[in-house]
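Input: a single structure, listed below in structure tokens.
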Amino acid sequence: MGLPARPLRRRAAIFSYCAEPELLEGARWLACYLTTGKHMAFYASFGTVLLLLAITAPVALAFGFLGAMSARSHIFPINWLGRTYIAIVRGVPDIAFFLFFVIALDQGFEWLRHQALCPGWDQPIRQGNDFVVCDAAKLPLGTAPQWVHETYGFLLAVLTFAIVFGAFAANVLFGAMRAVPRAQIETAEAYGMSRRQSFWRILVPQMWVYALPGLSNLWMVLIKATPLLFLLGVEDIVYWARELGGTKTPRFTDYPHGDWRMWYFLALLVFYLGFTKVSEVVLGRVMQRLTFGQATAGGEAQRKAAA
Amino acid sequence: MKLFLTGTAVLALTASLAMAASHSGTVRLGTEGAYPPFNFLNDAGEVDGFEREVGDELCARAELTCEWVTNEWDSIIPNLVSGNYDAIIAGMSITDEREEVIDFTQNYTQPDPSSYLGMAGTEIDPAGAVIAAQAGTIQAAHIAEIGATLLEFANPEETIGAVRDGEADAVLADKSFLTPYAEESAELDFVAEDILLGGGIGMGFRESDAELRAKFDAAIQSMKEDGSLNALIEKWDVGETF
């Protein structure tokens with residue numbers, strides 16, 4: 001039993017002494033272990049997660065703003081659309097949303113492209129379990145390089161996160177808009193502002209201070225929701241931590257070790273806690289800025305402190 | 001917004017360029033990447049193992065450009081069916097249940113015995129024990145059939161963990177997957193008779209993709225005939241040769 005010595009593919013390593021991993025010990029072993037290609041992919045996945053958050057947060061906020069606006073609308077279909085969006089997305093479990101909605105969305109795009117690009121197609125699109133569109137309608141194209149597939153998956157993930165978190169943000173913003181004292185709007189009307197003017201000039205600038213606690217909650221939940229990415233085929237930090245931490249036997253790696261998942265998850269814990277701390281500090285500052293000059297208890301306190 | 005539009009344009013452009021460049025087509029091979037020696041990620045983070053070598057050789061013989069993609073075992077069939085990749089090559093045994101949803105090539109390994117791995121020095125009666133298995137595998141189906149208590153886990157690593165923690169009495173999986181654990185860990189050993197399950201491992205294709213399946217089927221046949229498949233089976237120690 002046992003494998004004949006397999007010619008191990010050695011790659012240009014960062015440290016020259018990594019060429020003979022079997023002979024290494026202590027700190028050098030660790031240095032080589034932590035700079036394998038696999039670990040580099042793990043470090044890069046932190047970037048993926050941060051990039052996802054950086055793109056998703058503003059897009060979700062935009063979805064939320066549109067949702068809240070339409071839920072306030074006096075035009076029936078728009079109002080109905082906004083309220084349905086908020087109610088349905090908030091009601092469906094995230095995991096179901098991520099599993100089914102994304103596949104449906106992907107197939108919806110492909111179906112549209114199929115209708116546009118392959119008019120001469122005579123076979124049914126649904127063949128038993130298979131979803132078959134012509135090659136030109138595939139998204140991304142079957143011939144596209146792997147990074148296009150990955151980018152496409154990433155964009156689908158951003159869109160799905162934005163739709164889900166947008167619905168929650170819409171509800172927060174909807175509440176915040178109603179929390180702005182009625183007297184402010186009445187005063188605006190008394191000055192002769194139109195509905196549109198009082199919305200953009202009076203309501204929107206004042207609502208953020210009411211929305212921020214709810215939005216900051218959402219942000220915290222979003223930070224921790226990123227492992228759902230793996231359901232979409234995007235390899236995130238939790239996937240890599242599990243993969244790297246799992247037991248490695250000497251037959252399949254130069255760096256065998258036992259079950260180290262605990263240490264990898266500990267590193268993730270530190271990352272998440274650190275990220276939460278930074279978020280709290282930043283959100284605290286934003287809150288201070290937004291409170292400035294507002295007709296709220298916080299704004300009053302700032303005024304008194306300055307006086 | 002502008003940036004987003006530019007990004008989309010760039011994507012569309014590269015996609016059409018890629019199509020123009022290689023019209024012969026790239027075949028995307030989906031695997032799990034967590035089931036040594038069949039498929040696993042090596043230190044460089046690339047797919048490696050018996051199936052990597054078999055798959056690359058098959059693609060060369062069928063004159064196809066292939067690309068490796070990893071996907072979680074749980075959703076490996078749904079993602080094939082919805083077209084995220086074109087073939088499954090992930091240590092998947094040919095069974096009747098799976099045949100209803102996808103089509104298999106001929107088997108490229110012999111039906112591999114499945115073994116019970118438990119704590120060394122114990123012996124169990126499988127029917128009355130708590131057995132761990134990966135969800136959606138023939139082994140999990142077998143445990144449910146014989147009426148033992150089944151603990152299902154999403155990935156192979158966790159099934160071994162369950163035995164180490166004492167949560168399960170044994171894990172049932174392909175013998176070639178469990179052998180390295182039994183050999184290299186003093187506390188783990190085989191604890192019951194091996195059993196034969198399934199019809200060997202084959203590549204899975206969409207039912208509508210008969211043409212591609214035929215190409216790979218022919219390539220497997222030619223590898224069987226010239227003995228190169230047997231050489232790989234021996235090299236990676238994945239059961240009997242043909």
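Conditions tested, residue by residue: (1) within 14 Å of another protein chain (Cβ to nearest Cβ); (2) at negative phi; (3) outside any loop (DSSP other than H, G, I, E, B); (4) aliphatic (A, V, I, L, M).
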{"site": "A:62", "(1), (2), (3), (4)": "yes, yes, yes, yes"}
{"site": "A:82", "(1), (2), (3), (4)": "no, yes, yes, no"}
{"site": "A:99", "(1), (2), (3), (4)": "yes, yes, yes, yes"}
{"site": "A:109", "(1), (2), (3), (4)": "yes, yes, yes, no"}
{"site": "A:112", "(1), (2), (3), (4)": "no, yes, yes, yes"}
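Just to verify a result, which residue in the range A:227-277, among those that are β-branched (Val, Ile, Thr) and away from chain B (no Cβ under 13 Å), is farthest from the chain's Cα centre (by Cα)?
Ranking the candidates gives A:270 first.
Can you find, within the range A:34-50, the residue that is surrounded by the fewest Cβ atoms within 10 Å (Cβ to Cβ) among those that are in contact (Cβ under 8 Å) with a residue 60 or more places away in the chain and more than 9 Å from every other protein chain (Cβ to nearest Cβ)?
A:46
Residues that are within 24 Å of residue B:153 (Cα to Cα): which helices (runs of 4 or more DSSP H) entirely in the range A:206-307 hold 3 or more of them?
The qualifying helices (runs of 4 or more DSSP H) are A:237-245, A:261-291.
Condition check: surrounded by 15 or more Cβ atoms within 10 Å (Cβ to Cβ) and outside any helix (DSSP H, G or I). Does residue B:161 satisfy that?
no
Using the structure shown, decide if residue B:219 is away from chain A (no Cβ under 14 Å), part of a loop (DSSP other than H, G, I, E, B) and touching a residue at least 12 places away in the same chain (Cβ under 8 Å).
So residue B:219 does not fit the description; no.
Residue by residue through the range A:140-163, note down the ones that are hydrophobic (A, V, I, L, M, F, W, C) and more than 7 Å from every other protein chain (Cβ to nearest Cβ).
Those that are hydrophobic (A, V, I, L, M, F, W, C) and more than 7 Å from every other protein chain (Cβ to nearest Cβ): A:147, A:154, A:155, A:156, A:157, A:158, A:159, A:161, A:162, A:163.
Quick one: residue B:43 ticks every box in (1) more than 30 Å from residue A:108 (Cβ to Cβ); (2) among the charged types (D, E, K, R); (3) in contact (Cβ under 8 Å) with a residue 24 or more places away in the chain except a single one, so which number is it?
Exception for residue B:43: condition (3).
Being at pLDDT 90 or above and surrounded by 20 or more Cβ atoms within 10 Å (Cβ to Cβ) is the filter here, so list the residues in the range B:192-211 that pass it.
B:201, B:202, B:203, B:204, B:205, B:206
Under the condition of being within 19 Å of residue B:212 (Cα to Cα) and free of Cβ contacts under 8 Å to residues at least 12 places away in the same chain, which residue from the range B:74-132 is surrounded by the most Cβ atoms within 10 Å (Cβ to Cβ)?
B:82
The values are calculated or read from the model by the stated rules, or taken from the named source; none is laboratory data. Here the structure is a predicted model, which is why all the values come from computation and not from measurement. Note that each Cβ is placed from the backbone with ideal geometry, even for glycine, and that neighbours are counted across all protein chains shown.
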